[in-house]
1. Hey, among the residues in region 39-74 that are among the small types (Gly, Ala, Ser) and without any contact (Cβ under 8 Å) to a residue 24 or more places away in the chain, which one's farthest from GLY9 (Cα to Cα)?
2. Going by what's in this entry, would VAL39 be described as over 14 Å from ILE7 (Cβ atoms), β-branched (Val, Ile, Thr) and loosely packed, with under 13 Cβ neighbours inside 10 Å?
3. Does THR84 satisfy the criteria of being at pLDDT 95 or above, hydroxyl-bearing (Ser, Thr, Tyr) and on the phi < 0 side of the Ramachandran plot?
4. In region 4-29, which residues are surrounded by 11 or more Cβ atoms within 10 Å (Cβ to Cβ) and aliphatic (A, V, I, L, M)?
Amino acid sequence: MKSYLVISGSGPDRVGLVDEISGFFSQRGINLEDSRMAVLGGEFALILLVSGEGAEIEWLNQHLVELVNSTGLLLQVRPTMAPTDRHLEKTLPFRLVVSGMDHPGIVRRFTNILHHHQANIEALETRVSPAPLSGTPVFTMECQLAVPARVKIKELRSELELVAEDENLDLDFESAETK
């Protein structure tokens, strides 16, 4: 029977980590189903969804310390369900992108509205990078959302636009339906 684990962790970044991690799983037939990996500051961070049959998952649980020792990453493992077993109310996929001058509180203002409307944030990525000419810190947030079908999209969009205007930010909120 196929089992699923979420593995998360972080540690000092260096060249070759992703190859070592993927090799560790593939040598035992463990499938790397979904992943997010990034360098944040000088640290490498990851969250992985892996799957395998009972013997492979048991092996992984017993030998994960080998991956910790070889990579220097602090890792945590948690059993989870198959992605197809997750039951949510009917939702519509949306994409939200916000950008502008960086300052504290931007993420909170938008996520609070999304929470109020029960929109699930499926993925969120933020970054601060210097503007090309001035070097001014520019903040960008990109979200993939699952918005309940019952939500009035015009109302949600209006609330998001009010915050963007108040914070002097650019906003793009659009359906992410595949064509």
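The values are calculated or read from the model by the stated rules, or taken from the named source; none is laboratory data. These numbers come from a predicted model, not from an experiment. Virtual Cβ from ideal backbone geometry, glycine too; neighbours counted across all protein chains shown.
1. ALA55
2. Details: over 14 Å from ILE7 (Cβ atoms): yes; β-branched (Val, Ile, Thr): yes; loosely packed, with under 13 Cβ neighbours inside 10 Å: yes.
Considered against the rule, which asks whether it is over 14 Å from ILE7 (Cβ atoms), β-branched (Val, Ile, Thr) and loosely packed, with under 13 Cβ neighbours inside 10 Å, VAL39 comes out as yes.
3. Working: at pLDDT 95 or above: no; hydroxyl-bearing (Ser, Thr, Tyr): yes; on the phi < 0 side of the Ramachandran plot: yes.
The answer is no for THR84.
4. Filtering region 4-29 down to residues surrounded by 11 or more Cβ atoms within 10 Å (Cβ to Cβ) leaves 4-14, 17-18, 20-26, 28-29.
Result: LEU5, VAL6, ILE7, LEU17, VAL18, ILE21.
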